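Here the structure comes first, spelled out in structure tokens, and everything after it is commentary.
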Amino acid sequence: MNPQTATARADRTQPVHIGDHLREWRQRRHLSQLDLAGDAEISARHLSFLETGRAAPSRDMVLKLAERLNVPLRERNVLLVAAGFAPAFPQRSLDDPALKSAREAIDLVLRAHEPNPALAYDRHWNLVSANRMLAPILEGVPQRLLAPPLNILRLASHPGGLAPRTVKLGEWAAPLLDRRWPRTGDAGDPADAPPIRRG
């Protein structure tokens, strides 16, 4: 592990104050303190106190600000924990029995694409499900690239994966990566580190 990676991982394990989270999300949304305070119907002074740690928000205030900032639900849990409250939004995998109908709907859509290949992936571009037509495309790909979690971007751009088989790889890869990083980076998730090198 290189020093930069070690430092980045260490930084992600450090507790972050709720005020730091709020300021970061406000800046991502390109809002001034005055703008956000007006949307949340609080004073800019109070918001400033929250961001600097001079005041502690209530649970309702955390959720209200998160709503105004359009923070994804999983990230609202992070804000709540940083403020000393329990998470409010459960996270489940698609294997959870409660999501059986969602999984069935995904499988139905994938089957409907046959005889064309189709796949479903999560927000980190890891394979969730695929129809039968994907298997022939993956023939000859080294097993190490197919081991779970199978990352679609890595598979598509790796020299040992599908990259050598892809016509005009550079033309479609660059726009795809440009869309991928701003979108996932916007979610504020440390797991969104690039699986492949850009350049």
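The values are calculated or read from the model by the stated rules, or taken from the named source; none is laboratory data. Just so you know, these numbers come straight off a predicted model, no measurement behind them. Cβ placement follows ideal geometry from the backbone for every residue including glycine, while neighbour counts extend to all protein chains displayed. Ligands, DNA and RNA are excluded from the accessible area calculation, which covers all protein heavy atoms including side chains. Shrake-Rupley method; radii C 1.70, N 1.55, O 1.52, S 1.80 Å.
Between segment 119-173 and segment 26-69, what is the C-alpha centre distance in whole Å? So the separation of the two Cα centres works out to 42 Å.
Looking at segment 122-178, the accessible area is 58 square angstrom per residue; that uses a 1.4 Å probe and ignores ligands, DNA and RNA.
A simple rule links phi to the HN-Hα coupling: the Karplus curve 6.51 cos²θ - 1.76 cosθ + 1.60 with θ = phi - 60°, which for segment 24-35 gives 4, 5, 4, 5, 4, 8, 6, 10, 7, 4, 5, 4 Hz, with x for Gly and Pro. Rolling a 1.4 Å probe across the protein heavy atoms gives segment 18-117 an accessible surface of 60 Å² per residue. Compared with the direct C-alpha span, the chain from residue 35 to residue 120 gains 26.8 nm at full extension, assuming 0.36 nm per residue. Distant-in-sequence amide contacts of residue 158, defined by a placed amide H-H separation under 5 Å and a gap of 5 or more residues or a different chain, comprise 163.
The slack in the chain from residue 96 to residue 73, taken as 0.36 nm per residue of separation less the alpha-carbon distance, amounts to 6.5 nm. Given R0 = 41 Å, the distance between the Cβ atoms of residue 106 and residue 163 translates into a calculated FRET efficiency of 0.95. Full extension of the segment from residue 171 to residue 113, taken as 0.36 nm per residue of separation minus the current Cα-Cα distance, would add 18.4 nm.
Charged side chains reduced to their Cβ positions (Lys and Arg at +1, Asp and Glu at -1) give segment 124-179 a dipole of some 80 debye around its Cα centre.
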